[in-house]
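Encoded as structure tokens, the structure appears first; notes follow it.
Read-outs: derived from the displayed coordinates by stated rules, not from any lab. These numbers were taken from a predicted model, which means no experiment stands behind them. With ideal geometry, Cβ positions are generated from the backbone for all residues, glycine too; neighbour counts draw on all protein chains shown.
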Amino acid sequence: MSALNLVMLGPPGAGKGTQAERLARAHGIPRISTGDILREAVAAGTEIGRLAKAIVDRGELVGDGVVIGIVQERLDRDDVRRGFVLDGFPRTVAQAQALDRMMDGADPLVVVDIVVPEDELVRRLLTRMVCESCGATAGGMDGGATPANCRKCGGRLVQRSDDNKRVVLERLRVYLRETKPLVEYYSARPTFRSIDGTQAPDCVASALVRAIQEVDGGPPGSEEGRR
Ligand SMILES: [Zn+2]
């Protein structure tokens, strides 16, 4: 069986993390989120983890070289033999080129881009509630019901502060600026698909499954979703 080597692109507010988690679970492959593996590497005290920690401790952003090193370390592990879902990487064309070098000889990357118009993203990000205690986000997304309390810690959910709103909008602006060339880098490939992220989460999930089957051939014997 071939591996599903999936890259998920999509701005903050597009619901990418949730979809990445669903796909990873459905295929029995790891979801690799750059934020998570960076934290893991720092906690494990690997060479690159210590390097990343030193950069973060100086208040600087971790650059391409470190991020690429951390992803390389993660992709060398055994549990990615049947594939992976990359969430949050690559963020730049340099990272995408590095990933192509890492994947030399492996099954082709399947790249999906969850597309949501900027004004809709702004609306979603600003109406999202955040947990007072741990900062996790909840509700206000995709028209879904807002839970009463934080799913992670049970804390009270509140509106974002104006400062927090500015941070979130800046993050979105940076994302859109950085990733436009990235989408151009991938979009000519036969294994690239754009997904309409304004649909309900379940419809986005089905569209993703169909897109992956289309470009990856789907599981043996399965014709579903190929129309
Ligand atoms: Zn919380």
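A few remarks follow.
- Only Cα sites of the stretch 82-187 enter the Debye sum here, all with the same form factor; the resulting log10 I(q)/I(0) across q = 0.13, 0.15, 0.21 1/Å is -0.65, -0.80, -1.09, listed in q order.
- Label-point gap, in nm, between Arg82 and Asp104 - each point 7 angstrom along Cα→Cβ: 2.9 nm
- Coil-residue trypsin sites (Lys or Arg not before Pro) of the stretch 145-194, DSSP, other Cβ within 10 Å capped at 10: none
- For the stretch 171-220, radius of gyration divided by Kirkwood radius, i.e. Rg to Rh on alpha-carbons: 1.05
- Projected label distance in nm at Ala136 and Ala3, using a 7 Å step from Cα toward the beta-carbon: 3.1 nm
- Among Val130, Gly45, Ala106 the positive-end extreme of the charge dipole of the chain (Cβ point charges): Val130
- Cβ-to-Cβ counts within 10 Å put Met8, Met102, Met129 in ascending order as Met102, Met129, Met8, the fewest first.
- Spin-label pair Leu176/Arg123, simplified geometry with 7 Å Cα→Cβ offset, distance in nm: 1.5 nm
- For Asn5, the amide hydrogen comes within under 5 Å of the amide hydrogens of Phe84, Val110, counting only partners 5 or more places away or on other chains and with H modelled in the peptide plane.
- With neighbours defined as other Cβ atoms within 10 Å of a residue's Cβ, the residues Asp64, Asp196, Asp78, Asp119 order from fewest to most as Asp78, Asp119, Asp196, Asp64.
- The chain - convex hull of alpha carbons, volume per residue in Å³: 141 Å³
- With K and R counted +1 and D and E -1, the other residues having a Cβ less than 9 Å from that of Cys150 yield a net charge of +2.
- Placing +1 on each Lys and Arg Cβ and -1 on each Asp and Glu Cβ, with no other charges, gives the stretch 1-95 a dipole about its Cα centre of roughly 260 debye.
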